[in-house]
Amino acid sequence: MSKIYDALNKRILVLDGAMGTMLQRYNFSEEDFRGERFKDFPHPLKGNNDLLSITQPQAIKEVHRQYFEAGADIVETNTFSGTTIGMADYHLEDLVYELNYESAKIAREVADEFTAANPNKPRFVAGSIGPTNRTASMSPDVNDPGYRAVTFDDLLVAYKEQVKALIDGGADILLVETIFDTLNAKAALFAIEEVKDELGIAIPIMVSGTITDASGRTLSGQTVEAFLISISHIPLLSVGFNCALGADQLKPYLKRLAHNTSMNISAHPNAGLPNAFGEYDQTPEEMQVLIKEYLDDNLINIIGGCCGTTPQHIKLIAEAASAYQPRKIETTV
């Protein structure tokens, strides 16, 4: 833990970019997703990127390597959907521990390789904990507003399994990210605290929410300030926002966050907004200009990229961040 805190005191840390964007470049087929092990599996598996940590581990390793080469200090594990809830779509609930363990192990190996090559710049692994595809705060049925597709206890059990595997696989940090429903995130944080107590360990936690539209609220209706209050009961390495918005649209909400907390702040925005084909057109150079505004305004301690970002984006972001000091944390009254 001390290494990550030491690094944060010295410089702005750089998070990696999008895993999914990079994996799309491989154009993996159904057979590639299955590999030899799942060639006779009775359900379709294409699109299950988490599974690639088992069936195409070299591709996952190469993506991590490219982000570290671009200047990232932290890479996220390939586990965004790695809970029994997420894997139920593919009938792979029984594989959850292995998926998370192997994903963390792959990232750990690459991080250690880069740290060994340059001990003055240690590299870290963040265990990615996504929001799941179900929400505990809202009903998916407009005709039954009291219905919930998942309960807090369901989420707690699912997240505990993921957390244990990520820690066993070698994650340095746990990143609860892309939070659209804070109740889901609170279940993840409660799961982490329970696992920490059971294992008798301490591990840094990053929390990153998602502002879904111009209203400045999460999908479950919270403002920046309400979101911050909801998760401030747990000691965190950082709090921030990612996904949904590009760097320019995200900036006002980061400013509000910075004004209201003395915690470290993270941001990993998308490469702009998607076009009519769902693709991201913002160039690395364009994104770098926008990220410099974050740096000029003393908003961030950890910066990276989400949907549409590539090692080229991260390279220019890292170059920009290297010229700045970390955000000065001022306690607000």
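The values are calculated or read from the model by the stated rules, or taken from the named source; none is laboratory data. Predicted model, so just to flag it, every value in this text is computed and none were measured. Heads up, the Cβs are rebuilt from the backbone with ideal geometry, glycines too, and the neighbour counts pull from every protein chain shown. Surface accessibility is based on the protein's heavy atoms, side chains included, excluding ligands, DNA and RNA. Shrake-Rupley method; radii C 1.70, N 1.55, O 1.52, S 1.80 Å.
Please specify each residue of segment 9-65 satisfying the condition of being of a type in the set (Val, Ile, Thr) and closer than 30 Å to ILE317 by Cα.
Residues satisfying the conditions are ILE12, VAL14, THR21, ILE60, VAL63.
Output the residue which, of all residues in segment 258-268 that are in a loop (DSSP other than H, G, I, E, B) and either closer than 10 Å to CYS307 by Cβ or hydroxyl-bearing (Ser, Thr, Tyr) (or both), is least open to solvent (accessible area, probe 1.4 Å).
Ranking the qualifying residues of segment 258-268, first place goes to THR261.
So THR135 fits all but one of (1) farther than 16 Å from MET206 by Cα; (2) β-branched (Val, Ile, Thr); (3) open to solvent by less than 20 Å² (accessible area, probe 1.4 Å); what number is the exception?
For THR135, the exception is condition (3).
Sort out which residues of segment 22-54 are outside any helix (DSSP H, G or I), open to solvent by 10 Å² or more (accessible area, probe 1.4 Å) and either aliphatic (A, V, I, L, M) or on the phi > 0 side of the Ramachandran plot (or both), and write them in order of number.
ASN27, GLY35, GLY47
Quick check on this structure: which one of GLU93, GLU69 is open to solvent by 40 Å² or more (accessible area, probe 1.4 Å) and closer than 26 Å to GLN312 by Cα?
Criteria check complete, one pass: GLU69.
Test ALA271 against the criterion of being crowded, with 21+ Cβ neighbours inside 10 Å and either at pLDDT below 95 or touching a Gly at 6+ places or on another chain (Cβ under 9 Å) (or both), and give yes or no.
Judged against the criteria, ALA271 is a match.
Which numbered condition in (1) touching a Pro at 6+ places or on another chain (Cβ under 9 Å); (2) surrounded by fewer than 22 Cβ atoms within 10 Å (Cβ to Cβ); (3) of a type in the set (Gly, Ala, Ser) is the only one that GLY146 fails?
Every listed condition holds for GLY146 apart from (1).
Let me spell it out: the conditions are (1) open to solvent by 20 Å² or more (accessible area, probe 1.4 Å); (2) in a loop (DSSP other than H, G, I, E, B); (3) among the β-branched types (Val, Ile, Thr), and ILE229 meets all of them except one. Which number is the exception?
(2)
With the requirement that a residue be within 17 Å of SER137 (Cα to Cα), open to solvent by 10 Å² or more (accessible area, probe 1.4 Å) and touching a helix residue (DSSP H, G or I) at 6+ places or on another chain (Cβ under 8 Å), what does segment 175-207 give you?
Of everything in segment 175-207, those that are within 17 Å of SER137 (Cα to Cα), open to solvent by 10 Å² or more (accessible area, probe 1.4 Å) and touching a helix residue (DSSP H, G or I) at 6+ places or on another chain (Cβ under 8 Å) turn out to be LEU183, LYS186, PHE190.
Is it fair to say ALA116 is open to solvent by less than 10 Å² (accessible area, probe 1.4 Å) and not polar (S, T, N, Q)?
no
For segment 171-203, which positions are of a type outside the set (Asp, Glu), over 19 Å from THR135 (Cα atoms) and under 14 Å from the mean Cα position of the chain (by Cα)?
ALA171, ILE173, LEU174
If you scan segment 91-109, which residues turn out to be free of Cβ contacts under 8 Å to residues at least 60 places away in the same chain and under 25 Å from ALA187 (Cα atoms)?
Result: HIS91, LEU92, GLU93, ASP94, LEU95.
Could you tell me which numbered condition ASP112 fails, if it satisfies all but one of (1) without any contact (Cβ under 8 Å) to a residue 24 or more places away in the chain; (2) over 21 Å from the mean Cα position of the chain (by Cα)?
All conditions are met except number (2).
What's the total number of residues in segment 318-333 that are modelled with pLDDT of 95 or more and out of contact with any Leu (no Cβ under 9 Å at 6 or more places or on another chain)?
Within segment 318-333, residues that are modelled with pLDDT of 95 or more and out of contact with any Leu (no Cβ under 9 Å at 6 or more places or on another chain) number 3.
From the list LEU99, LEU156, exactly one residue is surrounded by 20 or more Cβ atoms within 10 Å (Cβ to Cβ) and under 19 Å from the mean Cα position of the chain (by Cα). Which is it?
LEU99
Residues LYS251, LYS255, LYS328: which one is open to solvent by 40 Å² or more (accessible area, probe 1.4 Å), of a type in the set (D, E, K, R) and not in a loop (DSSP other than H, G, I, E, B)?
LYS255
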